[in-house]
């Protein structure tokens, strides 16, 4: 242990020759059952100690990570299955990057190909894309060193983000061996872009390793460290009950802690990269996953043609589309290349084939698709030339790339009307072949009522296809959409587009059920300035109970220095981590927030959560106690129970800016006497936060009475909710707000508006981040409150009227046949004023009415 300690200390201080150092350390510590991790510094496991760092990447050693269940993994068929005694099993996590954006090493750096150094065992598609593989100690070390030096290359647009060694438990090893020997596993190609049906290349089984003569080949750099070759053994790794291993592991981890503690700071563990993912309750039996009564593997194959210039972007569009419709924990999405479509046995494990090729489909490939249908397969054709069962594809040039009104019919369940981008083709019956389409149909709302969606039963084994000639796969932001008007039409129909897609996928046997809410996460106590942290911690020390808890009527906040995953979190009991020196989040950049927050008080103390029930409740126990100069704000990435006005709820997918800010307003002040104005000030602050950025002033973001943020007068982008409590002479007001920043679906977001503006004006405005816009909105809010307190409503109404959507708008009261009135503006208390035909001006109160933008009605709000 002393030798190990000295070695690691020298390495941490004066490490050289990464390849040799990595290999030597792996050899020395491999038997301890610790895990070796190569990753970015921000993704380092919280229990690990860094041994070597380079260029923002780290090599660290931590407690063992193991895999004991492969239900969520798709196994490669490897027969005979042998895991050599001297080999290491590991997981590689990667992301997809388009070809023209792939990073590349300099000419002087030697590329190391991932596939040359290991044998894949299983994969788990998704984001990140995960691969389990095995390699010799030398090859594993070579992979790690190449990753550290950014010269590790994977195939088909995959870029490695993390490599971590794992211990396959006996149950997992037995499953690998059993499925390999019985052939029950889906035959998957390790190459991520080809069909998931080809056997892995057998090149690495040729030679000594295949015969078991030698477990690994010594490399030139490690001759003196080489260990004697050992015969290959089946399914043997150190067991968790092995006393010798546990003792060695304990001493080794302790050595690493001492060796690396001097100069390497603690960094947080990236929970999104967990090897096991969701709980076992979501595990799906390999013989029949949710929505799959056929017994096939849950593979959805995506065919986009032979590799044209547009194919990668089209593939990405289709993948994103399906990922928003089906649960990717239940279905696996794979590209199907033209070569694989011809030669591989993909039909045996294909649950759904999606055809989205723009060019004509070769006859032999078309024949394989038809044969797949005859065997009972399911096909979704999206604006392709695929034809079936007497239906032929006819071209109509006048329709090409034009936005048309689509009527989608669900037999017995009514119609859905929406705007859709036409492919320029329609379906017609072949002469002399009267056809009986299925229950799903779609036609254009034109004189010919051109058929553009047909459901076609095929064969005697239950085969079925849905053929579409409208671009359901294309988002409104595509470059094909030429005008602002077309963009508006498509974006306004986005929710109905997904409704149609889910109806089609359900008819083809897939499940589009809503996914379970994500698990709640702990809060982090952050500060916008370092100066406020010490007073905050002193205040906490005086106000928490003996167990570090502050209780309120809604929840208990337990303040802790650190958090372990074993801790329980519920909507009524949440841990708050106070030691946040190593805080890191992919979705919230504290430094960027600090740079954009220019306030005296508001937003200085941050309670941040990746996932919480609702930010409106997080400040409940602190709002009356924390000094006003310590402005509280709660920020979340996701909410599971977002609140709206009255009984309404606010959906919060990833990409929303979600926050609740605490504001204290003296009762005897300009704003204290006009509290309804608070919601207007917050709505205005959000719009001004975006439109006051230089060159962003023409982004068409607006305010809608009483508390919404809109794109033009077409679609809601966000909303505001205000809860106020009067205590003594002070209003304590919680202002909750949420608005879409990066989430294009299911409706629209701010970055959609920026992208469309760039396209229409040939501009290069950059997309915005939620953390930036939240900080700017709070900054503007404080300025607006100060202006209102000095000058009253007249100080803010000119800016409010510049951005609101109602100027001169004509509406009806009560119903479509109600009295016609014209909107005048806001009265002195912030309520809406309307001008009646008889000349009288009346006030409409927001607590009892809502404004229906789609029908231009002012309606009593339903209880």
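The table below lists the values:
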{"quantity": "Which listed residue is within 35 Å of the chain's Cα centre (by Cα), at pLDDT 85 or above, surrounded by fewer than 20 Cβ atoms within 10 Å (Cβ to Cβ) and more than 23 Å from residue 474 (Cβ to Cβ), from 376, 414, 367", "calculated": "376"}
{"quantity": "Which listed residue is part of a loop (DSSP other than H, G, I, E, B), within 16 Å of residue 416 (Cα to Cα) and touching a residue at least 40 places away in the same chain (Cβ under 8 Å), from 489, 501, 472, 510", "calculated": "472"}
{"quantity": "Flag if residue 460 is modelled with pLDDT under 85 and in contact with a helix residue (DSSP H, G or I) (Cβ under 9 Å, 6 or more places away or on another chain)", "calculated": "yes"}
{"quantity": "Matching entry among 165, 64 (being crowded, with 18+ Cβ neighbours inside 10 Å, closer than 25 Å to residue 48 by Cβ and either modelled with pLDDT of 75 or more or outside the structural domain of residue 29 (by TED's automatic domain parsing) (or both))", "calculated": "165"}
{"quantity": "Hits in the stretch 503-536 (condition: modelled with pLDDT of 85 or more, out of contact with any strand residue (DSSP E or B) (no Cβ under 9 Å at 6 or more places or on another chain) and either surrounded by fewer than 16 Cβ atoms within 10 Å (Cβ to Cβ) or under 29 Å from residue 572 (Cα atoms) (or both))", "calculated": "529, 530, 531, 534, 535"}
{"quantity": "Single match in 834, 778 (criterion: surrounded by 17 or more Cβ atoms within 10 Å (Cβ to Cβ) and more than 29 Å from residue 590 (Cβ to Cβ))", "calculated": "834"}
{"quantity": "Count - residues of the stretch 690-718 that are outside any strand (DSSP E or B) and either over 19 Å from residue 756 (Cα atoms) or outside the structural domain of residue 731 (by TED's automatic domain parsing) (or both)", "calculated": "3"}
{"quantity": "Set 134, 109, 93, 84: member being at pLDDT 65 or above and more than 20 Å from the chain's Cα centre (by Cα)", "calculated": "134"}
{"quantity": "Hits in the stretch 279-311 - residues which are under 20 Å from the mean Cα position of the chain (by Cα) and at pLDDT 50 or above", "calculated": "300"}
{"quantity": "Single residue of 500, 481, 474, 454 found to be modelled with pLDDT of 85 or more, closer than 27 Å to residue 715 by Cβ and in the same structural domain as residue 418 (by TED's automatic domain parsing)", "calculated": "500"}
{"quantity": "Hits in the stretch 448-469 - residues which are touching a strand residue (DSSP E or B) at 6+ places or on another chain (Cβ under 6 Å), in a loop (DSSP other than H, G, I, E, B) and on the phi < 0 side of the Ramachandran plot", "calculated": "450, 469"}
{"quantity": "Residue match in the stretch 690-708 (condition: within 22 Å of residue 607 (Cα to Cα), buried (at least 24 other Cβ atoms within 10 Å of the Cβ) and touching a residue at least 24 places away in the same chain (Cβ under 8 Å))", "calculated": "no"}
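Residues are listed down the side, and each one gets a yes or a no for (1) in contact with a strand residue (DSSP E or B) (Cβ under 9 Å, 6 or more places away or on another chain); (2) assigned to a strand (DSSP E or B); (3) at pLDDT below 90; (4) not assigned by TED's automatic domain parsing to the domain that holds residue 707:
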site: 566; (1), (2), (3), (4): no, no, yes, no
site: 582; (1), (2), (3), (4): no, no, yes, no
site: 591; (1), (2), (3), (4): no, no, no, no
site: 606; (1), (2), (3), (4): yes, yes, no, no
site: 611; (1), (2), (3), (4): yes, yes, yes, no
site: 624; (1), (2), (3), (4): yes, no, yes, no
site: 638; (1), (2), (3), (4): yes, yes, yes, no
site: 646; (1), (2), (3), (4): yes, no, yes, no
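The values are calculated or read from the model by the stated rules, or taken from the named source; none is laboratory data. Values in this document were obtained by computation on a predicted structure and should not be read as measured data. Backbone-built Cβ (ideal geometry, glycine too); neighbour counts: all protein chains shown.
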